[in-house]
Structure formats: C-alpha cells, structure tokens
Amino acid sequence: MASSSVAKTKAVINLTACQHNLSVAKQAAPGSKCIAIIKANAYGHGMVEVANALYDADAFGVARIEEVIQLRDAGISKPILLLEGFTSKEELELVRLHNIDCVLQNKHQLQLLDDSPGDAITVYIKIDTGMHRLGFNPEELNDVSQWCEQSSSINKPVRYMTHFANADDKHDDKTLKQLDTFYKSIDGLSADENSIANSAAILGWPQSHSDWNRPGIMLYGVSPFVNSTADEHNLKPVMTLSSYLIAVKQVKKGESIGYGGTYVCEQDKTIGVVAIGYGDGYPRHAKTGTPVLVNNKRCDLLGRVSMDMICVDLDDQTNAQVGDPVVLWGEGLPVETIAEYAGTIGYELLCGVTNRVEFEYLD
Ligand SMILES: *Cc1c(COP(=O)(O)O)cnc(C)c1O
C-alpha cells in the first residue's frame, strides 16, 4: 500500500541535485564563469525556484523578455542574458529598465539602438558559425563590431558568442569547424570576453571553454549526449515525475487494452491503471514496453497513452494495489530512456509537464 501521504500526480524537484549539477559544470571548466540557462521555465522545473537555488551561477540566461521580468520581479539581481535579444523599441526600453544583457544577432537590433539612444547595454555579439539560426555571418562581423565599439549605447568590452549545432555527437567534427570559424572571425577584434559552450561542449569539448559557458540541460541532470547516460557524467536527475495506481484488474487473453486496441493480451493479465497521461505531459507517443516503475519495480506500458491515464503490465506484481506509487521518470528511471521510447529528447519531456501536475520542491 502507498504510505500515508495522499496519492497525487506530482513532479518533485530536487534543488540540491540541481546545485550539484551546476558544480559539475563548474568543475568541468574551472576557468569559466557560468550563465545558467533557465529558459522555458527552467526546462519545466520552475524558473524562479531554480534561479533561487542556483546562487552559485554567475548569470542566468533565458529566451524571452517576459522571463527576465519575472526573474527581476522575484528579486533576482544577477546579470540575465536575453538569448534572442530585443525585437522592438518597447522591448529595448524594457531591456534598459530591467538592466538586461542582450544577444545582438541582427542588424534590425542595431537600427533600433540607433533610433532610440539611451543608457548603454551589455551585449554579446552572436556569430553564426554554422548553426544558421541566429547571428551575424563572419563577413559582417567587422562592420558590426566597429559599430558597437563606437556606439555610446553599448557597454565595453563588447562580448562575442556562438552556439554549436552538433556538440551532442562527440564524433562530429562540425563542432571543431564552428570553433575554428569563431576564432578566425574575432581575430583582430578586441574580443576580451567570449561565450561558446553549452552543456555538451562543457562536458565533451574542453577546447571550447571560454569566459562564459552556458550550461542548460546538464543542470537538470540529463546527459547532453546521444549515447551516454547522466550517471556517467555524475549528473543527478532533478525532476521525478510520479503518480499512483487508480485501478488494478484482470484482462483475458485475446482482449485489447486502451484506445485503438493496439495492444492485445497474449495471456490472461493483471494490469494497473496509472493516473497520468498526455494531459500531464506524459508523451502520447511512448510505445508499449516503455518502462514504468510501480512500487520501484520496472514494468511495461501497455497500449496507447490516454489524456489522463496509462495502463501497465502487473503480471510480475499481481499483489499491487490501488494507491501504490508509480514513477514515470526521474530517480531510478532516466528521462532519456522514456524519451527514446517516445521518439523524442529529454528536453521536450521536461519542458512539457503541464500545470495540472503538482510541483513540490526539495532543498
Ligand atoms: C538553450 C541554449 C543553451 C543551453 O543548451 P543545453 O544544450 O541545454 O546545454 C546554450 N546556449 C544557447 C544559445 C541556448 O539557446
């Protein structure tokens, strides 16, 4: 039977594990400062709670200006880097008002700065070294750099950054090519402070470490690499998503389970029904056979994931009861494993937990 605590579908967030993971990022690159990336509600973990726990971070990074304002309103006074920069005059005003560091990644932003003179802001000029998403092309860099050096709207020194496309694959030399392009691009400029490495680069590409590293996924205890586990990097899972059994029943051989009848019982079976579904952020594409922990024992997901429920195979523990605890991912069951069964990545699963799930913080 479940313990006396009320059965709930909840995400327990272990902030001590998060602090530990930041220390792993710092130890892997002792000469670098850390911009802890807490975009998308800290990868689904709760942005303000995580920011408060990561007092050892040198700065924070988020994607949207609303996220910065939420952090400032919560009393976070550290530097915060806006990874996409501003796109309008109104946003530029907010950048100045809230003292936000900005990625400068297109000429439209230079125009806005020209059109609205005001207090100087701290910028990271982003160079597109091969990701081909945000950033200036290497050929444009001299002009942009000169513009920034001369502009009274920009704090000195101007900083430079880039972002890797393939750093999660340690055998892909695109990362080294991007690094080479980055250093060639800033050659001859007064580039005193640079920012290059994400989690995969912090752990796998030490040659990319620079003044400011940008760890994201590793802070949440997830391996950034395609073929390695968090354990191997001494990372500890931060989120444990759990629920409980709401029914235990027998299903006869030949009968099917769930919508579409995609799973047909090959023998008489004991199944459990768990109070979690895609309405909570459990991935609908998780296949039959996806591991689930019931009473800390591994069993298989059976049939399709519904909005509010999943079914699991209890043939190995026919004495399981309504109320018994179930873990969907986290401690004892890496989110990377579930992601693999669902054809996605841990990042997406963590970001996707919905607000129907109750969040509980441990520190
Ligand atoms: C999200 C992001 C990061 C963090 O990446 P991880 O793979 O989660 O470590 C770093 N830099 C930029 C620009 C990002 O958008």
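The values are calculated or read from the model by the stated rules, or taken from the named source; none is laboratory data. Remember, predicted model here, so these are calculated numbers, not experimental data. Virtual Cβ from ideal backbone geometry, glycine too; neighbours counted across all protein chains shown. We work out accessible area using only protein heavy atoms, side chains counted, and drop any ligands, DNA or RNA first. Shrake-Rupley method; radii C 1.70, N 1.55, O 1.52, S 1.80 Å.
What the table shows:
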read-out	value
All positions within the range 13-28 that are hydrophobic (A, V, I, L, M, F, W, C) and within 14 Å of the ligand (Cβ to nearest atom)	18, 22, 24, 25, 28
Tally of residues being touching a residue at least 24 places away in the same chain (Cβ under 8 Å), open to solvent by 40 Å² or more (accessible area, probe 1.4 Å) and away from the ligand (no atom under 16 Å from the Cβ) across the range 338-353	2
Selection from the range 253-285 of residues that are open to solvent by less than 80 Å² (accessible area, probe 1.4 Å) and not in a loop (DSSP other than H, G, I, E, B)	256, 257, 260, 261, 263, 264, 269, 270, 271, 272, 273, 274
Count of the range 189-213 residues which are over 20 Å from residue 105 (Cα atoms) and either assigned to a loop (DSSP other than H, G, I, E, B) or out of contact with any strand residue (DSSP E or B) (no Cβ under 7 Å at 6 or more places or on another chain) (or both)	10
Residue within the range 192-199 that is away from the ligand (no atom under 16 Å from the Cβ) and either at pLDDT below 95 or not assigned by TED's automatic domain parsing to the domain that holds residue 33 (or both) present	yes
Filter result (buried (at least 18 other Cβ atoms within 10 Å of the Cβ) and away from the ligand (no atom under 15 Å from the Cβ)) within the range 152-182	153, 154, 158
Scope the range 286-312; condition in a strand (DSSP E or B), touching a Ser or Thr at 6+ places or on another chain (Cβ under 8 Å) and open to solvent by 20 Å² or more (accessible area, probe 1.4 Å); matching residues	300
Qualifying residue in the range 59-69 (condition: closer than 27 Å to residue 362 by Cβ, of a type in the set (Val, Ile, Thr) and more than 15 Å from the ligand (Cβ to nearest atom))	no
Residues being away from the ligand (no atom under 12 Å from the Cβ) and more than 15 Å from the chain's Cα centre (by Cα) - total across the range 29-48	5
Residue selected from the range 216-252 under the condition among the small types (Gly, Ala, Ser) and buried (at least 22 other Cβ atoms within 10 Å of the Cβ), by the criterion farthest from residue 27 (Cα to Cα)	243
The lone exception for residue 188 - which of (1) at negative phi; (2) away from the ligand (no atom under 16 Å from the Cβ) it fails	(1)
Hits in the range 215-245 - residues which are near the ligand (Cβ under 10 Å from one of its atoms) and either in contact (Cβ under 8 Å) with a residue 60 or more places away in the chain or part of a strand (DSSP E or B) (or both)	215, 216, 217, 218, 219, 220, 222
